[in-house]
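First comes the structure, then the notes that go with it.
The values are calculated or read from the model by the stated rules, or taken from the named source; none is laboratory data. This structure is a prediction, so every number in the text was calculated from the model and none was measured. Positions of Cβ are generated from backbone atoms using ideal geometry, with glycine treated the same way; all protein chains shown enter the neighbour counts.
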Amino acid sequence: MSGKVSMSKFISRDPHLVITALGSDRPGIVNELTKTCADYNCNIIDSRMTVLGGEFSIMMLVSGTWDAVAKLEGALPNLARKLELTTMIKRTQPREPKRSYTYNVNVIALDTPGIVHEIAGFFARMDINIQDLESGTYAAPHTGTQMFSLNMIVDIPADTHLASLRDEFMIFCDDRNLDAVIEPVRAI
């Protein structure tokens, strides 16, 4: 009936650093960034890397001892200049665990402006946090019609009536001619 209730069993108290970088795509960027993290004894906890148009984009969450993170922070501006990247770094804290159900949301529709905004608005009104979101467009087979696809992971508060939420979301999608699925994330 319901998705996995997520609560972290271990929260590292080591300092955390979010690193974002953007620059022209070319081989070796990931190697240089990850090597620098390893050189300063920082652990990459989470990362997202992609190419958008001709630009490479990365976000990483790293942790390490206080001095390791401080040294990495100091080294990143020089590395960014060397790799011709625009970077931003920010200290952060581990995410506090909350009782929630983790669900996967998939949407496919004809591509029209504002779909991501409308879907994000639906979940914001329901006080549901979007943990991860990926969207894109593609040409439909045979017709070449521009299609839209979205996949996201959401954290639904544990006190939410899941059947009612699912019904409301499906009505919302039907009203906009969106083909959608919302289902619990399955543990592997």
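Considering each residue of segment 42-49 in turn, none proves to be touching a His at 6+ places or on another chain (Cβ under 8 Å) and not aliphatic (A, V, I, L, M).
Every residue in segment 93-113 that is within 27 Å of D159 (Cβ to Cβ) and exposed (fewer than 15 other Cβ atoms within 10 Å of the Cβ), please. Reasoning before the result, please.
Start the filter on segment 93-113 by keeping residues that are within 27 Å of D159 (Cβ to Cβ), which leaves 93-107.
Hits for segment 93-113 are Q93, R95, E96, P97, K98, R99, N106.
Of the strands (runs of 3 or more DSSP E) lying entirely inside segment 1-120, those containing at least 3 residues that are closer than 30 Å to D175 by Cα span 100-110. Scanning segment 136-188 for residues that are among the β-branched types (V, I, T), part of a strand (DSSP E or B) and under 22 Å from R99 (Cβ atoms) yields I153, V154, I156, I182.
All conditions but one from (1) surrounded by fewer than 11 Cβ atoms within 10 Å (Cβ to Cβ); (2) under 30 Å from T36 (Cα atoms); (3) at pLDDT below 95 apply to P141; the one that does not is (2).
Results for (1) hydrophobic (A, V, I, L, M, F, W, C); (2) modelled with pLDDT under 95; (3) in the same structural domain as C173 (by TED's automatic domain parsing), shown as yes or no for each residue.
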position	(1), (2), (3)
A75	yes, no, no
R81	no, no, no
L85	yes, no, no
M88	yes, no, no
N106	no, no, yes
I115	yes, no, yes
E118	no, no, yes
G121	no, no, yes
I130	yes, no, yes
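Of all residues in segment 81-129, those being aliphatic (A, V, I, L, M) and touching a Pro at 6+ places or on another chain (Cβ under 8 Å) number 1.
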